[in-house]
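Worksheet: the structure to be examined is printed underneath.
The values are calculated or read from the model by the stated rules, or taken from the named source; none is laboratory data. On a predicted model such as this, the values are computed, not experimentally measured, just so you know. Glycine gets a Cβ as well: all are built from the backbone with ideal geometry, and neighbour counts include every protein chain shown. We work out accessible area using only protein heavy atoms, side chains counted, and drop any ligands, DNA or RNA first. Shrake-Rupley method; radii C 1.70, N 1.55, O 1.52, S 1.80 Å.
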Amino acid sequence: MKLEGRLARLCGYGMTAAADAHLFQPTCEDDFRALLRLARLTSRKVLLRGAGRSYGDAAILPEAIAVGLERLNRVLSWDPTTGLLVAEAGVTIGDLWRYTLQDGWWPPVVSGTMFPTLGGAIAMNIHGKNAFRAGTIGEHLEWLDVMDSSGAVHRLTPDSAAFRAVVGGAGLTGIIVRAALRMKRVPSGDLRVYAQAVDSWDQQFEVFERFAGDADYLVSWVDCFARGKSAGRGLIHAAWYAEGSPATLRAEHQDLPDTILGLVPKSVVWRVLKLLNRRAAMRLLNATKYRLGTVIGNGKTEHQSLVAFSFLLDYVPNWRWAYLPGGFIQYQSFVPKETARWVFENQIALQQERRLESFLGVLKRHRPDPFLISHGVDGFSLALDFKVTPSNRERLWELAHEMNELVLEAGGRFYLAKDSTLRPEDLRRWLGPNLEEWRGWRRRFDPDGLLVSSLGLRTGLIEP
Amino acid sequence: MKRYERAIVVGASSGLGRAIALHLAQAGSTVVAVARRGDRLRELADSSPGRILPLVHDVTRTEEAARAFADACTMAGGLDLIVYSAGFMPTVGATEFNTEKDLRIFAVNVLGAIAWLNQAAERFQQAGHGAIVGIGSVAGDRGRRGQPAYNASKAALHAYLEALRNRLYARGVSVATFKPGPMRTEMTAHLSLRNAMDPEVAAAKILAKAHVSGEHYLSLSHRFVFAVLRNLPSSVFRRLPV
């Protein structure tokens, strides 16, 4: 096969970082080897890119040979009796559930969108709304095949130390070419979803702990504009796998609706959001959402399909365009339960003081994970969305660095898939001795330092 | 001014090109400064360490342009803006017809531009973004008796840039032609120019509009005067003292 690349503008999902690179889309292992040879021949670096759903600069690198995974997208084997699925790295989370749900299985961990590839999900070690119960995707792998920069493929299992470096290694510790994932057995395609409005941080944490014992999924929206006694108010959703008809396992039952509230075509919603995407309107929208949440559905349980509950971000196609032209950054920090409230309260107070409030806040519960680049803690994470404009960009990065300081002081962690602001000094404090151990594995899998990303350079993950 | 992270300025060792390179560097861009005179480039690069990267190249060696362009993109880490500012305007006597001089004018002003901007156009077309700036001249608007080949070279550059603009319009790439009037540069030092513009002022005006496709004069009066001059019949134009 003749492998052809083209110069392409590669963008982080948040649209704040972009670079031109020579994009190739290999379809087999030999293509990867050819690209590694081409990189050596042309003295270029190799960038690994899944579906490009990382928000910051994890999947961009100027002038690199960019290796997109999307055409390496076959499910290689599926056993509906054991739930073990073997797939190539470019299979998406959407492909996974479509392949297995009719047999009564669901991916053990899914992100808020179904578009990331399996390879990207493993490289970033994604988590979902069940992180407190199921951990990260890396904890559900039977094995993975990774190609080193010489072209040799190694099968790694969870008991190997290398596995702990490659999972979450941000695509800098070899090319993940395929993996075996243990899917989760589900009784139906539906969840029982319970909604509760909470009026303060006190209630947020209290209700979270109440449900963390038995819920399968748990997530809360936080109004980042609320102050004083109302600070931390929001809406918690807890969900449990529901018993139900086998018909709910069919893809038709899962499909997301074409309209919002039965009226507005989904394709135009981002334009409406763009009009509202300013501080005053968002303050009002957040307050209204909370008020409505206290009267509509509060304290009630309803059935929702797995797809509708899991992939909220996919409800509105191209929702990120509402942040054009400057884009946005996602900021997610993970803090131990003892100090989470202090950190999040102070992060939001800082935002309000600077008039740089996040337009969206999402609180989740987590558990520790065993990987070298790990974001899991026995605690909570708060994910925030900040609109970036030419006039606020500098102040926003300053704010992020101050928020980083709070997180690090509290023994917290970060998540590379969403990062745009970490500095080398932050990374060193976060990872401690794990950083050197991880670099050791990087040197083993890629002694020439061929695999590079802008994120790796910016954060100092890659040695200068 | 729109921010360009990575830029190439061809003809950056003096005059307008130098001023544009400095202006971009001050605004935070990484600039590859391309010119023939290495000593001038090094001096320029030293004024903005890390921001201005020198690349020695003679634009009349068009066969080397593709390699030099690729090197420049690698040095800059990509490309968002290219400015072709190399120009040659020798003294030409009122009765002189010097083919060697005239061919050199075309080599620098037109052939060098085509060799460099074709590379940029192809790259930007694929990537779906980018800005191309060509420095034309009001002298390209009419054929004057004083500088036949220079006038023709700038007219050719204007037409070439217009064609690029029309080709790349649908690909999200902007192509801007700037037509400065008299400017105080080394190239014009031998002329006694009145009301000449400082290169620094011109550079600021050019970069403010670099992303706007079209032909631009640098002053309102030029726009007005040259709109009139362009439309004068030859029989009238040849009687004017220009």
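Kindly express, to the nearest 10 degrees and within the range 0 to 90, the angle between helix A:337-354's C-alpha long axis and the longest C-alpha principal axis of chain A.
Rounded to the nearest ten degrees, it is 80.
Which entries of A:Lys274/A:Lys364; A:Lys129/A:Lys337; A:Lys337/A:Lys364 show an alpha-carbon separation above 19 angstrom in the structure shown?
Details: A:Lys274/A:Lys364 27 Å; A:Lys129/A:Lys337 17 Å; A:Lys337/A:Lys364 11 Å.
Over 19 Å Cα-Cα: A:Lys274/A:Lys364.
Take peptides A:92-98, B:163-169 and line them up by average Cβ neighbours within 10 Å, highest first, as a rough protection proxy.
A:92-98, B:163-169
For A:Thr301 and A:Arg6, what is the calculated FRET efficiency with R₀ set at 56 Å and r taken between the beta-carbons, to the nearest 0.05?
0.65
Roughly to the nearest percent, how much of the accessible area of chain A is carbon and sulfur, given a 1.4 Å probe?
54 percent
Per-residue Cβ counts within 10 Å, from other chains only, averaged over B:119-129: what number is that?
3
Taking just the alpha carbons, could you work out the radius of gyration and Dmax for the protein assembly as shown, both in angstroms?
Over the protein assembly as shown's Cα set, Rg and Dmax evaluate to 29.6, 98 Å.
For a quick size check, give me the Cα extents of the stretch A:190-425 along its three principal axes, largest first, whole Å.
Projected onto the principal axes, the Cα atoms of the stretch A:190-425 cover 53, 40, 37 Å.
Please determine, in degrees from 0 to 90 and to the nearest 10, the orientation of helix A:29-42 with respect to the longest principal axis defined by the Cα atoms of chain A, where the helix direction is its Cα long axis.
Rounded to the nearest ten degrees, it is 80.
Restricting the calculation to Cα positions, tell me the Rg (one decimal) and the Dmax (whole number) of chain B in Å.
Over chain B's Cα set, Rg and Dmax evaluate to 17.2, 54 Å.
Counting only other chains, and only Cβ atoms inside 10 Å, what mean value do you get across the residues of A:12-23? Each step should come with its number before you reach the end.
Details: counts 0, 0, 0, 0, 0, 0, 5, 5, 13, 2, 1, 1.
Averaged over the peptide's residues, the number is 2.
What do you get for the angle between helix A:433-445 and the principal long axis of chain A? Use alpha-carbon atoms, 0 to 90 degrees, nearest ten.
It is inclined by approximately 40 degrees.
Which longest uninterrupted range of chain A lacks any GluC sites (Glu not before Pro) assigned by DSSP to a loop state (not H, G, I, E or B) and surrounded by at most 12 other Cβ atoms within 10 Å? Could the numbers behind the result be given before it?
On the way: sites that count: A:Glu4, A:Glu243.
The reported range is A:5-242.
For the stretch B:6-236, compute the number of Lys pairs whose alpha carbons are separated by less than 19 Å, excluding pairs fewer than 8 positions apart on the same chain.
Lysine pairs meeting both conditions in the stretch B:6-236 amount to 4.
Rounded to the nearest 100 Å², what's the accessible area chains B and A bury against each other, both chains counted, probe 1.4 Å?
Working: alone 11720 and 18680 Å², together 29620 Å².
Rounded to the nearest hundred, the buried surface is 800 Å².
If you put +1 on each Lys and Arg Cβ and -1 on each Asp and Glu Cβ, how big is the dipole of chain B around its Cα centre, in Debye rounded to 20? Mind showing how you got there, number by number?
On the way: 30 positive and 19 negative charges, 149 e Å.
For this selection, approximately 720 debye.
Can you give me the accessible area per residue for the stretch B:6-236, using a 1.4 Å probe, in Å²?
For the stretch B:6-236, the solvent-accessible area averages 45 Å² per residue.
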